[in-house]
Amino acid sequence: MQKIILFLLIIFSQIIFGQAKITENEKFAATCKVWGFLKYYHPKVANGEVNWDKQLLEKLPKIEKAQTKEEFSLVLENWIDDLGPIKEIAPIATPKNVEFFDKNFDLSWFNNKLFSKKLSKKLKFIENNRFQTTEEFGPGFDAMKNVKNYFDLDYTNKDSRLLMLYAYWNLIEYYFPYKYVMDQKWDLSLEQALPSIVDAKSEIDFYIAIKKLAVKINDSHTETQIYSISSLSRRFNYFPATGKIIDEKLVVTEILGDSLAEASNIKIGDVITKINGKTIKELIQENRDLICASNEPKFLDKVVSPILKSNSENVTVEFLKDGKYETKSMFWADYHDSHRNEFKKGAIKKKEKFKLLDNNIGYVNMGEIKPRHIPDMIQALKSTKAIVFDMRNYPNGTYEDIAKFLNSQEKTFAIYTYPYPNYPGRYIWTEGSTCGTENKDNYKGKVIVLLNEDSLSQSEWTAMCFQTAGNTTIIGSQTAGADGNAMDLDFKGFHTRYTGIGVYYPDKRETQRIGIVPDIEVKPTIKGIQEGKDEVLDRAMQFIQEGV
């Protein structure tokens with residue numbers, strides 16, 4: 001009797017597998033993963049012998065017709081079989097002296113509940129006998145596999161939208177080094193994005209859906225631009241200043257259009273509480289899923305720009321002054337039109353590259369100084385008791401020359417993880433970068449580095465270099481948390497970017513999303529801005545003088 005029951009259960013389970021319905025979202029998500037895996041792993045596909053994008057467009061109608069898990073698996077199995085036999089080369093030897101970084105690596109989805117055992121075995125066999133290349137990751141490496149037809153696709157067509165989604169999602173899946181520190185699993189982001197991609201009524205809807213997906217990688221390097229669509233190429237108008245968000249208020253920190261600011265009596269330190277009736281908190285929330293950042297300080301920095309632009313020239317702005325609220329009807333203008341405002345005039349004020357402050361303290365503006373200025377800077381500041389390197393900006397490649405001045409010997413300050421093309425999704429640790437040189441006459445005073453959310457990428461990397469001097473103190477607040485080279489990616493009407501390599505301290509401490517942790521944390525206050533103070537620099541002066 002027990003044998004009969006067991007036999008019936010097996011037959012019943014097989015029937016259930018064959019008849020179990022599969023949703024459109026499940027099919028499209030699973031297809032995305034299989035297509036991307038084959039793109040990078042299948043010897044024939046990865047070698048460029050087939051037009052893999054075209055094959056996807058040809059197979060999508062069959063995938064859509066599949067109603068059950070069994071039918072769906074069969075479509076994918078036949079697709080793989082049609083590519084021809086794969087030469088068995090397993091086991092593939094790991095090169096000597098290679099240390100893998102596998103926090104991003106996960107092919108456990110081979111055992112997806114939607115897949116037949118036969119399909120799962122085929123995928124595993126391809127992994128074990130994957131494409132092998134002599135190409136190494138570096139400048140010029142094309143993770144998109146030389147496919148350039150995304151500019152020719154019609155994104156009003158659903159299948160074309162799916163193709164672009166699949167190409168982008170798998171690029172991040174296999175070639176984004178920081179996938180493991182995203183807020184949520186990249187698989188879940190795919191599942192959440194698919195309905196908007198599939199149901200997009202226009203190219204604009206589609207691009208906004210892709211933009212929202214890009215935000216999910218939590219990378220401050222990521223900027224997305226939508227262009228070549230007439231309805232999106234309209235000109236914006238701007239508030240004549242920029243600012244910083246503090247305590248859910250927007251504080252003016254820099255005037256960009258002198259005459260426009262004067263006409264509306266806008267001054268540094270003014271506190272904005274509402275724009276067109278919406279609070280700053282509401283405006284922040286409206287942009288939450290449209291701006292990509294590694295951490296909250298950088299998000300708040302990035303969100304200022306969209307908050308301070310408008311489709312209209314006439315904007316109502318509520319200010320808070322002396323405990324009272326005042327609403328102004330303002331004229332905002334397009335800063336690209338030099339005939340209508342003076343944004344450019346306000347933006348080109350000359351800034352000093354370096355100078356000597358009171359009490360024999362040197363100051364270097366890292367956003368202004370260039371390699372050709374370093375000898376003069378060293379000559380002027382070498383006898384100071386401390387030098388403040390202000391890196392609340394983006395440096396100009398001066399780290400090497402300055403580090404030779406600061407350090408007494410050569411030291412490694414950063415190591416990297418690079419994608420491993422012979423096993424996509426896996427990364428390898430590489431040799432690090434060094435700075436400094438043998439120099440008995442190196443600088444002996446205190447080295448102070450000022451950082452904040454404007455310190456991005458090269459700023460963070462340079463700060464890591466300066467930390468090797470041994471007498472370095474970091475003062476300020478959390479940096480942008482995006483260290484590593486930026487990789488640009490263009491599709492028809494759409495541009496985005498992402499960080500391409502992983503950057504770590506020599507002891508493998510992480511920098512992505514964390515940034516460079518300050519030794520002394522200081523953040524600007526509304527009161528300090530209104531009083532014209534640079535509270536971060538002031539704190540540095542206190543530390544130099546008092547040692548605390």
Exercise. Do we find that residue 64 is at pLDDT 95 or above, within 22 Å of residue 174 (Cα to Cα) and part of a helix (DSSP H, G or I) in this structure?
Worked result: no
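Conditions tested, residue by residue: (1) assigned by TED's automatic domain parsing to the domain that holds residue 175; (2) within 35 Å of the chain's Cα centre (by Cα); (3) within 21 Å of residue 170 (Cβ to Cβ); (4) not in a loop (DSSP other than H, G, I, E, B).
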| residue | (1), (2), (3), (4) |
| --- | --- |
| 50 | yes, yes, yes, no |
| 53 | yes, yes, yes, yes |
| 59 | yes, yes, yes, yes |
| 81 | yes, no, no, yes |
| 85 | yes, no, no, no |
| 94 | yes, yes, no, no |
Exercise. When only residues in segment 172-207 that are of a type in the set (Val, Ile, Thr) and over 16 Å from residue 290 (Cα atoms) count, which is surrounded by the fewest Cβ atoms within 10 Å (Cβ to Cβ)?
Worked result: 198
Exercise. Do the conditions hold for residue 196, that is, is it of a type in the set (S, T, N, Q) and in the same structural domain as residue 104 (by TED's automatic domain parsing)?
Worked result: yes
Seminar exercise, completed: Contact list, first residue from segment 291-314 and farther than 11 Å from residue 513 by Cα and not assigned by TED's automatic domain parsing to the domain that holds residue 479, second anywhere and of a type in the set (Lys, Arg) and part of a helix (DSSP H, G or I), beta-carbon distance below 7 Å, six or more apart or interchain, is 291/302
Exercise. Hey, does segment 236-243 have a residue that's surrounded by fewer than 20 Cβ atoms within 10 Å (Cβ to Cβ), at pLDDT 95 or above and either over 14 Å from the mean Cα position of the chain (by Cα) or basic (Lys, Arg) (or both)?
Worked result: yes
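Report yes if some residue within segment 256-272 is in a strand (DSSP E or B) and surrounded by 14 or more Cβ atoms within 10 Å (Cβ to Cβ); otherwise report no.
yes
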For this session: Return yes when residue 38 is surrounded by 13 or more Cβ atoms within 10 Å (Cβ to Cβ), aliphatic (A, V, I, L, M) and either assigned to a helix (DSSP H, G or I) or modelled with pLDDT under 95 (or both) and no when it is not.
Result: yes
For this session: Just one of (1) on the phi < 0 side of the Ramachandran plot; (2) under 34 Å from the mean Cα position of the chain (by Cα) trips up residue 70, so point out which.
Result: (2)
For this session: Identify all residues within segment 111-144 that are closer than 18 Å to residue 43 by Cβ, among the hydrophobic types (A, V, I, L, M, F, W, C) and surrounded by 17 or more Cβ atoms within 10 Å (Cβ to Cβ); write none if there are none.
Result: 123, 126, 131, 143
Problem set entry | For residue 494: the one exception among (1) out of contact with any Gly (no Cβ under 9 Å at 6 or more places or on another chain); (2) under 16 Å from residue 460 (Cα atoms); (3) among the aromatic types (Phe, Trp, Tyr) | (2)
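Please work out which residue is surrounded by the most Cβ atoms within 10 Å (Cβ to Cβ), limiting yourself to segment 273-319 and to residues that are in a strand (DSSP E or B) and touching a Leu at 6+ places or on another chain (Cβ under 8 Å). So that I can check it myself, show each step before the final result.
Just the residues of segment 273-319 that are in a strand (DSSP E or B), to begin with: 273-275, 278-279, 309-310, 314-319.
With the extra rule that they be touching a Leu at 6+ places or on another chain (Cβ under 8 Å), the set shrinks to 273, 275.
Values: 273: 17, 275: 20.
Once the filter is applied, the top-ranked residue is 275.
For (1) surrounded by 23 or more Cβ atoms within 10 Å (Cβ to Cβ); (2) at positive phi; (3) modelled with pLDDT of 95 or more; (4) assigned by TED's automatic domain parsing to the domain that holds residue 384, each residue gets a yes or a no:
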| position | (1), (2), (3), (4) |
| --- | --- |
| 427 | yes, no, yes, yes |
| 432 | no, no, no, yes |
| 436 | yes, yes, yes, yes |
| 449 | yes, no, yes, yes |
| 455 | yes, no, yes, yes |
For this session: Tell me which residues, restricted to segment 471-525, are among the hydroxyl-bearing types (Ser, Thr, Tyr), in a loop (DSSP other than H, G, I, E, B) and closer than 18 Å to residue 392 by Cβ.
Result: 477, 479, 511, 525
For this session: Determine which single condition residue 101 fails, assuming it passes every other condition in (1) farther than 16 Å from residue 159 by Cα; (2) touching a helix residue (DSSP H, G or I) at 6+ places or on another chain (Cβ under 7 Å); (3) among the aromatic types (Phe, Trp, Tyr).
Result: (2)
Seminar exercise, completed: Given the conditions (1) of a type in the set (Asp, Glu); (2) surrounded by fewer than 19 Cβ atoms within 10 Å (Cβ to Cβ); (3) under 29 Å from residue 531 (Cβ atoms); (4) modelled with pLDDT of 95 or more, every one holds for residue 322 apart from (4)
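Only one of these is more than 29 Å from residue 61 (Cα to Cα) and either in a helix (DSSP H, G or I) or not hydrophobic (A, V, I, L, M, F, W, C) (or both): 159, 183, 154, 187. Name it.
Criteria check complete, one pass: 183.
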For this session: Tell me which of these residue 465 doesn't satisfy, since it passes every other one: (1) of a type outside the set (Phe, Trp, Tyr); (2) at pLDDT below 95; (3) in contact with a Cys (Cβ under 8 Å, 6 or more places away or on another chain).
Result: (2)
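The values are calculated or read from the model by the stated rules, or taken from the named source; none is laboratory data. Values in this document were obtained by computation on a predicted structure and should not be read as measured data. Neighbour counts run over all protein chains shown; Cβ positions are idealised from the backbone, glycine included.
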